[in-house]
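Shown next, in structure tokens, is the structure this report addresses.
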Amino acid sequence: MQVDTDTQRKELAELVGEQYLRPATLTDAIEGVQAQWVVAPADGQEIARVLRWANEHNLHVAPVGGGTKLAWGSKPQALDLLVSTHRLNNVLEHTWADMTATVQAGCSVAKFQRVLATHQQRLALDPLWEDTATIGGILATNDSGLLRTRFGALRDLLLGVTIALPDGTLAKSGGKVVKNVAGYDLPKLMIGAFGTLGVIVEATFRLYALPGYARTLTFTVPTFAVLDQSVYTLFNSTLAPTAIQIRAATDTYPQIDVQFEGLSGAVDAQINRCIHLLPNGQQVNTPEDVGHVRQQLWQSGLTASSLIGKISNLPAVPGQLCTILQRLNKAHHLTWQLVMQGYGVGLVRLDAENDETLVSVLSVLRAELAKQEGALVVLDAAQQIKERVGVWGDVGDVLPLMKRVKEQFDERQVLNPGRFVGGI
């Protein structure tokens, strides 16, 4: 049942308060699709009531945090209402003795880290644009970063989650369950689901101590073959780096960043051992912002014939991936930049002479990655490029199961319809 605009305003204002409701503008559009309203609920209960209202009236909802990754994912099939989490911005509980903390979804990563740092603790991840990115946003898009080498991805750090469901109830993992979702691992389902199953309200994380001492080495290697050899050596050594990052680009030598944390004596000993293990590498000055290298892929802006994608590949052969990219460079005058973080996961930027070339190159690259059990998901690109190549690529035979899960949580397709894999 649809309702007229005046009635919508009145009913939404009753749910969240007149001052927390406004008409959507062009700047609120997601991939060119504009909503009618933007609401900012005060807590999870209000979010749940807004979702129930939208569900009853067959309206479509998108949750919004800091807005740093709204360009990611597919174009929404429909959009009526944006639910902003900016009022849910507090750290609810920091049990520092147990090294856990519960935080609201609208809290920025940077604010969360500042609170944790008062007890010399941290959330051991470094997502993109952490000053603006929110906890809910990084969970929804599965953005972790460089530190995953030591501490794992988000699924390894997340202990529990509270979500608002389209039927107007709250579901929690662990503790008292408000809605029965037996059989589902809520934290893992929410990570990377792009807000298509529920709106994240709160999250509980495992914490780690802030490092007392840290050093990073950067090595430049002369060939892609030496890059693979060096990475293989690191992975099979007794070293315990906090992070390993591979950087490469068109017509430049690849570089390896190796980061160590801990007691100064132990770190210095590992640094010396690392230099000894990589005799073919040349130690160079390490940039202070090595953990934020990924953000530089966006610095020059995207054109109609460029894209940034999330790439996965066998972890020990980044040089083989670079060889493929360089071959595409020679055949199609393609410019590329690659930043691999953790074990075989990273970002790639492709800049082609025109959109036809970009589409052709991406098809070849995806086919080559598939041979190595890898994949490429388009994160950011012009809408016409996304429509032609498909954001998610081939997801195999899991799509029917994913659709059944979506139907279980959101039968009427209220939340972010079309944004996720297979039009979910």
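The values are calculated or read from the model by the stated rules, or taken from the named source; none is laboratory data. Worth saying up front: this structure is predicted, and the values here are computed from it rather than measured. Every residue, glycine among them, receives a Cβ derived from its backbone with ideal geometry; neighbour counts consider all protein chains shown. Just so you know, the surface numbers come from the protein's heavy atoms only, side chains and all, with ligands and any DNA or RNA stripped out. Shrake-Rupley method; radii C 1.70, N 1.55, O 1.52, S 1.80 Å.
Going by accessible surface with a 1.4 Å probe and the largest first, Val64, Val115 read Val115, Val64. Averaged per residue, the chain has 43 square angstrom of accessible surface, using a 1.4 angstrom probe with ligands and nucleic acids left out. Taken over the stretch 223-357, the percentage of Cα pairs per 5 Å bin, counting from 0 up to the bin with the maximum distance, is 2, 9, 20, 21, 20, 13, 8, 5, 2, 1, 0. Divide the volume of the convex hull around the Cα atoms of the stretch 375-424 by the residue count and you get 84 Å³ per residue.
Grab every C-alpha pair in the stretch 136-265, bin the distances at 5 angstrom width from 0 up to the longest one, and report whole percents. Going out from 0 Å in 5 Å bins, the stretch 136-265 shows 2, 9, 16, 15, 13, 11, 11, 9, 7, 5, 2, 0 percent. Once the convex hull of all Cα atoms in the stretch 342-419 is built, its volume per residue stands at 130 Å³. Taking a straight Cα-Cα cut-off under 25 Å and skipping sequence neighbours fewer than 8 places away in the same chain, the lysines within cross-link reach of Lys310 are Lys69, Lys75, Lys188, Lys330, Lys371, Lys386, Lys403, Lys406.
Relative to the 2.2 N^0.38 Å rule of thumb, the chain has a C-alpha radius of gyration ratio of 1.02. Does anything in the stretch 125-159 have its amide N under 19 Å from the 7 Å Cα→Cβ label point of Ala240, and if so which residues? The answer is 125, 147-153, 157, whose backbone nitrogens lie closer than 19 Å to the label point. The angle between the Cα long axis of helix 264-277 and the main principal axis of the chain comes to about 60°, on a 0 to 90 degree scale. Normalised by 2.2 N^0.38 Å, where N counts its residues, the alpha-carbon radius of gyration of the stretch 25-146 equals 1.15. Axis angle, to the nearest 10 degrees, between helix 355-371 and the longest C-alpha principal axis of the chain: 70 degrees. In the context of the full protein assembly, Asp185 retains an accessible surface of approximately 70 Å², using a probe radius of 1.4 Å and ignoring ligands and nucleic acids.
The angle between the Cα long axis of helix 5-16 and the longest principal axis of the Cα atoms of the chain comes to about 70 degrees, rounded to the nearest 10.
Scaled to the globular estimate 2.2 N^0.38 Å, the Cα spread of the stretch 42-97, given as radius of gyration, is 1.41.
The base-10 log of I(q)/I(0) for the stretch 267-424, evaluated at q = 0.16, 0.17, 0.21 Å⁻¹, reads -1.01, -1.09, -1.39 [Debye formula, identical scatterers on Cα atoms, solvent excluded]. Given R0 = 25 Å, the distance between the Cβ atoms of Thr252 and Val364 translates into a calculated FRET efficiency of 0.70.
Maximal additional length on extending the Val91-Leu26 stretch stands at 20.2 nm, based on 0.36 nm per residue less the C-alpha distance. Were the residues from Trp298 through Ala225 laid out at 0.36 nm apart, the gain over their Cα-Cα distance would be 23.5 nm.
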